[in-house]
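Right, one structure below, let's go through it.
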Amino acid sequence: MKDYKYTHPDFTQKLFADAPNIVTEPAPADGVAPQQFHAMSIYPEYFKVDGKWLLAEESRMDCVPVLTDNRIEVVEFRNLRRNDQVVIGRTENCEDGIYVYPHGFTGGEAEVKDAFAFRTSRTRETAFSVDYDELYDILRHDRDNGKIVWVMGPAFSFDHDARKAFAGIINEGYVHALLAGNALATHDLEGAYLDTALGQNIYTQESVHNGHYNHLETINRVRYRGSIRDFLKKENLTDGIMYACEANNVPYVLGGSIRDDGPLPEVYGDVYQAQDRMRAEVRGATTVICMATMLHSIAVGNMTPSYRVMKDGTIRPVFFYCVDISEFTINKLADRGSLSAKGIVTNVQDFIVNLSKALGAWDPNETTPVKQLR
């Protein structure tokens, strides 16, 4: 993987030496920040405390920095507690002892680009060959040296090969956490149970008789068994995305929606519980890949910083990919503040099949040994 060396600001410069220490004010009540609170971005941010510049190590956009035991914690508004010492200030260039630093991986300076150039946005006309090559390298590196989080919409569960391909990626260790909704899990389990997704055969795409019952039959049976894991075991099912997660002990978070059927027992009906569980998995993530789900992509994008402080103290970028056949989804993610996200405009089912083949995770011409649930 390409070496992305992080360069700290030169704190000996007059800009930093003359900057004041930060000012904090206590939160006036639980879940309420004081007026003039500072809101975090996706970029590294430094705060001057007693003459020393401290980096917020676990950041999240649209949250507030809280000074606790001489370190900066980044807290959601709803998780603030009365008298938390919240940093005050709306400036970003040392005026309030706060410095926002977007150029840490470019030698401390912004990249120089031509003022005018064709095709600078990412569209269906963009050539993504180099993106695939970079992604292969990143995934091979982070399989053993990072944490890879996948955010998935239900499109994968509608296709036989896509289900097999992603299961292969899970089996080969390229998935450390999966974030999705009720639909992905439901239709993947429907595929394992009845060979359909929303009543269509997952290989031929032909609708079966009374197929509109199939996802409800699946949810009902899972609820009867008590859990996804027990459903898979007791119904003797051995394929698909959810099976691969269970067989490899890969954690997954299923965030509920107001339009969910059922839902499955593991689905979080409380949106803030789901958000907390999602953020728990995003903490530590070094690569995030969002595929065919606009709202989940934006949600995860908002809680993912552009950098990660590793256990040995080194700072590395967080690679964030958004894969969707819709350019709108990719542009919307950037519009919501996830400026470091890299978009790939393509059919996600083709994407995952090509990715799995390149990684040697799945060969459609070979029978993959089944990992047994314990």
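Give me the one-decimal nm value for the distance between modelled label points at N347 and L373, 7 Å along each residue's Cα-to-Cβ direction.
Modelled inter-label distance: 3.2 nm.
I need the GluC sites (Glu not before Pro) found in segment 183-266, filtered to DSSP loop residues with at most 11 other beta carbons within 10 Å of theirs. It would help to have the intermediate numbers written out before the result.
Details: sites: E190, E206, E217, E235, E246, E266; in loops: E206, E235, E266.
Qualifying residues, ordered by number: E206.
Determine the per residue accessible area of the chain with all protein chains present and a 1.4 angstrom probe, expressed in square angstrom. Provide the component values of the computation, followed by the final result.
Numbers: 18480 Å² over 374 residues.
Computed with neighbouring chains in place, this is 49 Å² per residue.
Just how much of L373 is accessible, in Å², when a 1.4 Å probe is used and the result is rounded to the nearest 10?
That residue has around 30 Å² of solvent-accessible surface.
For the chain, state the average projected area of the convex hull of the C-alpha atoms over all orientations, rounded to one decimal in nm². Each step should come with its number before you reach the end.
Values: hull surface 84.1 nm².
Taking the Cα atoms of the chain, their convex hull projects to 21.0 nm² on average.
So between N365 and S326, what do we pick up on full extension, going 0.36 nm a residue minus the alpha carbon distance?
Values: separation 39, 0.36 × 39 = 14.04 nm, distance 3.08 nm.
So the chain would gain 11.0 nm between N365 and S326.
State the Kirkwood hydrodynamic radius of segment 25-67 in Å, one decimal place, computed from all pairs of distinct Cα atoms. Before the final figure, lay out the partial values.
Numbers: mean 1/r = 0.0871 Å⁻¹.
Roughly 11.5 Å, rounded to one decimal.
To the nearest whole percent, what portion of all C-alpha pairs in segment 1-52 is separated by more than 12 angstrom? Intermediate values should be presented prior to the final figure.
Working: 1013 of 1326 pairs.
Summing the P(r) of segment 1-52 above 12 Å gives 76 percent of all pairs.
Counting other C-beta atoms within 10 Å, and keeping those with at most 16, which DSSP coil trypsin sites (Lys or Arg not before Pro) do you find in segment 171-264? Walk me through the intermediate numbers first.
Working: sites: R221, R223, R225, R229, K233, K234, R259; in loops: R259.
Answer by residue number: R259.
Got a number for the accessible area of H187? Probe 1.4 Å, square angstrom, nearest 10.
Probe radius 1.4 Å; accessible area of H187 about 20 Å².
If I fit a long axis through the Cα atoms of helix 182-194 and take the longest principal axis of the Cα atoms of the chain, what angle between them do I get, 0 to 90°, rounded to 10?
So the inclination is approximately 20 degrees.
Using +1 on the beta carbon of Lys and Arg, -1 on that of Asp and Glu, and nothing else charged, what's the dipole of the chain about the Cα centre, debye to 20? Intermediate results must be reported in sequence, preceding the final value.
On the way: 39 positive and 52 negative charges, 101 e Å.
My answer is approximately 480 debye.
When the accessible area of the chain is computed with all protein chains present and a 1.4 Å probe, what percentage of it is carbon and sulfur?
Values: 8590 of 18480 Å².
Carbon-and-sulfur percentage of accessible area, whole number: 46.
Assuming R0 = 45 Å, what is the FRET efficiency of Q35 and M310, from their Cβ-Cβ distance, to the nearest 0.05?
Details: r = 36 Å, r/R0 = 0.80.
The value I calculate is 0.80.
Roughly speaking, what is the centre-to-centre gap between segment 255-284 and segment 288-341 when only Cα atoms are used, to the nearest Å?
18
Less than 17 Å from a label point 7 Å out along the Cα-to-Cβ axis of I258: which backbone N atoms in segment 282-315 qualify, by residue?
What the label zone holds, given the 17 Å backbone N cut-off, is 295-296.
At 222 nm, what helix-only mean residue ellipticity would the chain give, in deg cm²/dmol to the nearest 500, using -39500 (n - 2.57) for each DSSP H run of four or more?
On the way: 11 runs with 113 residues, N = 374.
That comes out to -9000 deg cm²/dmol.
The values are calculated or read from the model by the stated rules, or taken from the named source; none is laboratory data. Just so you know, these numbers come straight off a predicted model, no measurement behind them. Ideal geometry is used to build each Cβ from the backbone, glycine not excepted, and the neighbour counts take in all protein chains shown. For the accessible areas, the whole protein counts, side chains as well, though only heavy atoms, and no ligand, DNA or RNA atoms are used. Shrake-Rupley method; radii C 1.70, N 1.55, O 1.52, S 1.80 Å.
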